[in-house]
Each structure stands twice: as structure tokens, then as C-alpha cells.
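The values are calculated or read from the model by the stated rules, or taken from the named source; none is laboratory data. Not measured: the values here are computed from a predicted model. Glycine gets a Cβ as well: all are built from the backbone with ideal geometry, and neighbour counts include every protein chain shown. Ligands, DNA and RNA are excluded from the accessible area calculation, which covers all protein heavy atoms including side chains. Shrake-Rupley method; radii C 1.70, N 1.55, O 1.52, S 1.80 Å.
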Amino acid sequence: MAIGGLDPRLGTAENYRVFGREARGRSPVYESLAASVADDGLILGFLAGLPRPKRQPNLLFAAARYLLGAPPGIGTLRSLVRQHEAELAQLMLARRTQTNEPARCATLLPALARLPEPLALIEVGASAGLTLLFDRYSYDYDGHLVAGSDPEAPTLRCAVRGPVPRPARLPVIAWRAGLDLNPLDVTRDDDVHWLSCLVWPGESDREQRLAAAVAAARRDPPPVYRGDLRTDLPALAAQAPAGATLVVFHSAVLAYVAAGDRERFARTIRGLAAVWLSNEAPGVVPGLPLTDFREMTFVLGHGGRTPLALADGHGTWLHWLGDADT
Ligand SMILES: C[S@@+](CC[C@H](N)C(=O)[O-])C[C@H]1O[C@@H](n2cnc3c(N)ncnc32)[C@H](O)[C@@H]1O
């Protein structure tokens, strides 16, 4: 389990220690804050009063940032818990960890671009839909450039290792739809503000990328429908046009779904006439090998059975396994 989710095998303090290690080298502020929270009785006591899924480090830190107007440190976080406990709890109960990282498109694209065109895309757990916009962004795979349709959309830079099948061009996407328990609306300032609070302090490249991706999405917002991946996928899949390769994909989502529900989701998706691509932490996709935990590393999987590549959880590198045809 990794970024954002809570490992149910670990206590809250240990989950904060894991998060602190994930933040190492990316966000010194959160590395140190997470380590401090892991030893802080006041904040751990506050978290113990919340339902378990709401104790996630990223949710606490983003909510504090939202209320404080600046990234929290241990001092400001403790004051917030002491003085505004109810407000903080209310915000954490109302909001979710919905980080939408457009750079994950760079790690998914090589798998997508090998499929017969045109494509019909469904992303489950799509948040604001920024990871549905593959064809708007441009890409730079260690100097291998792929131009997107929107020159003002961000260029996603991704370091490659192994025989990554770098696409010559972007695939034709005939149809796309997202499904989310709580779709965020790129045209609503408050939703966009929440997305920005979820970015870790110190990652200014992510902040800029998010802002540029939101601006691009606002020019033609992606459709993201309210629904639950555990129950509503078949009905959405039935709306996909005939004559296109239906691809159901998800990225940084299944860690938020209970283990038994992941199994049911895997059975549902296998029953659809669809290609299944997953981009999740090791051990999260039922049946997909490579279950070793590595901080900030995702496994790019095909069909819930074949690991294609290892990928940075925030999309900055991709390490293809086997040969390019795997
Ligand atoms: C961390 S975000 C990832 C967003 C996007 N896939 C990305 O990679 O940037 C996880 C998203 O999954 C959604 N989610 C979690 N459980 C879900 C479920 N059972 N059904 C639909 N969406 C769900 C959350 O609301 C959230 O928007």
C-alpha cells in the first residue's frame, strides 16, 4: 500500500511513518511533519476519533492546509487540532484524498498506445478527470517528444528505463468517461483549491503542472460521472461506442477500496469486453504479481495478471519489464 491510502495492517502512527518515508526527497516539510505526527499524542488522539479511512496523512495535511491557508508544520497543526478540532474533523469527513496527478498519463500512455484504435476510455476513480486527457498533453520521454492537441497543456516529462515502447504519436480517443464517488469539477474554484491543497509542499513542478492541466481541462471539461466502481462500472461500459477498443483503467484508486471489494471489482471488470489497465501500488490489484512493497512505486498492470512496468507513483519515471512487446 502506498501514497495516500492507509495500510490496514499498520496502526495510525506507523502509517504516518510510512508516509514520511514516501515524502523523503520530495517534500521535506511533509517528511518531517509525518514523522512528528507519528509521535504526537494530541494529533493521534484526534485521528482516533475519526473513522479509519479518514485518518490518512494526505487528507489531514490537505485539510490543515485548506484551513490554515499555508502548508502546516507540527506547531500550526497542533494549534489547529486544539482550537479548531470540530472544523478540521468536519472538513476531513466532507472531503476525500482525490489527488489528481496528470503526470500519471505519461506512465499509462505507452500501454494505451499499443492498443487498436480508436480507444474508448473509462477511468474509475477519476477525481476531476485530469488523467483522462491523454491526447491534450505533450510528452517528453528522455528527449523522445510526442505532441498533444493543446499546445498550452503541460508537457509531461517522464524518465524511461528498460525497453519502454515509446509512442510515435498519440492514440485516437473516440470517447472517454470518468466514474468517481465524488467527481471534482474543474470549473469550480473550490474544487480546484482542494486539488491544489493535496499537492505536497516543495513540489512546485506538480503545482505548476496541476494549474496548467486544470486550465486545459477548463477549455473542454472531461465528463466524470458520480458512481461507485464496485457497482456502477457495467452500466457506464454499456454506453461506450461500438467499434472502439474499450479500456477500463485506474490509477491510485484501489488502495482506497477494501480488499474484498477489490476482488469483486476484479471479477466485474473481467466480465466486461474491455482491456484492463491498472496503475497501483504493489499488492493492491488482486492477482497481479509483484506484490513487494516499494515506497512511491506503482505497478502498471494489464488484465490484472501481467505486470508491464514499474512506475513512479507521481508519474516521473517508468521502468518497463521484459521486452517492449510484453
Ligand atoms: C487519489 S485519487 C486518484 C485520481 C486519479 N485516478 C489520478 O491518478 O490522478 C483516488 C480517487 O478514487 C476515488 N474513489 C475511491 N473509491 C472509489 C469508489 N469505490 N468508486 C469510485 N471512485 C472511488 C476517489 O473519490 C478519488 O477521486
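Look at D189 and say whether it is acidic (D, E) and surrounded by fewer than 20 Cβ atoms within 10 Å (Cβ to Cβ).
Taking the combined requirement at face value, the residue satisfies it.
Given A259, A211, which one is of a type in the set (A, V, I, L, M), surrounded by fewer than 18 Cβ atoms within 10 Å (Cβ to Cβ) and closer than 16 Å to S127 by Cβ?
A211
Return the total of residues in the stretch 263-276 being open to solvent by 30 Å² or more (accessible area, probe 1.4 Å) and within 13 Å of the ligand (Cβ to nearest atom).
2
From the list R96, R104, R21, which residue is open to solvent by 60 Å² or more (accessible area, probe 1.4 Å) and within 30 Å of R161 (Cβ to Cβ)?
R21
What pairs come up if the first residue lies in the stretch 178-189 and is touching a residue at least 12 places away in the same chain (Cβ under 8 Å), the second is within 6 Å of the ligand (Cβ to nearest atom) and open to solvent by 60 Å² or more (accessible area, probe 1.4 Å), and their beta carbons are under 8 Å apart, counting only those six or more places apart or on different chains?
L181/R96; N182/R96
Select from the stretch 70-113 the residues that are charged (D, E, K, R) and within 16 Å of the ligand (Cβ to nearest atom) and list them in ascending order.
Correct list: R95, R96, E101, R104.
Out of all the residues in the stretch 35-89, which are within 17 Å of G20 (Cα to Cα) and hydroxyl-bearing (S, T, Y)?
Within the stretch 35-89, just S36 meets the criteria.
Looking at (1) open to solvent by 60 Å² or more (accessible area, probe 1.4 Å); (2) under 20 Å from E101 (Cα atoms), which one does S251 not meet, given that it meets all the others?
Of the numbered conditions (1) open to solvent by 60 Å² or more (accessible area, probe 1.4 Å); (2) under 20 Å from E101 (Cα atoms), the odd one out for S251 is (1).
Residues that are over 22 Å from the mean Cα position of the chain (by Cα): which strands (runs of 3 or more DSSP E) entirely in the stretch 100-168 hold 2 or more of them?
Where strands (runs of 3 or more DSSP E) fall fully within the stretch 100-168 and carry at least 2 residues being over 22 Å from the mean Cα position of the chain (by Cα), they are 144-146.
Looking only at the stretch 278-326, how many residues end up being on the phi > 0 side of the Ramachandran plot and either at pLDDT 95 or above or open to solvent by less than 50 Å² (accessible area, probe 1.4 Å) (or both)?
5
Of the conditions (1) free of Cβ contacts under 8 Å to residues at least 60 places away in the same chain; (2) open to solvent by less than 20 Å² (accessible area, probe 1.4 Å); (3) charged (D, E, K, R), R206 satisfies every one except a single condition; which number is it?
For R206, the exception is condition (1).
Among the helices (runs of 4 or more DSSP H) confined wholly to the stretch 1-69, which include 2 or more residues that are within 16 Å of the ligand (Cβ to nearest atom) and modelled with pLDDT of 95 or more?
The helices (runs of 4 or more DSSP H) meeting that bar are 57-68.
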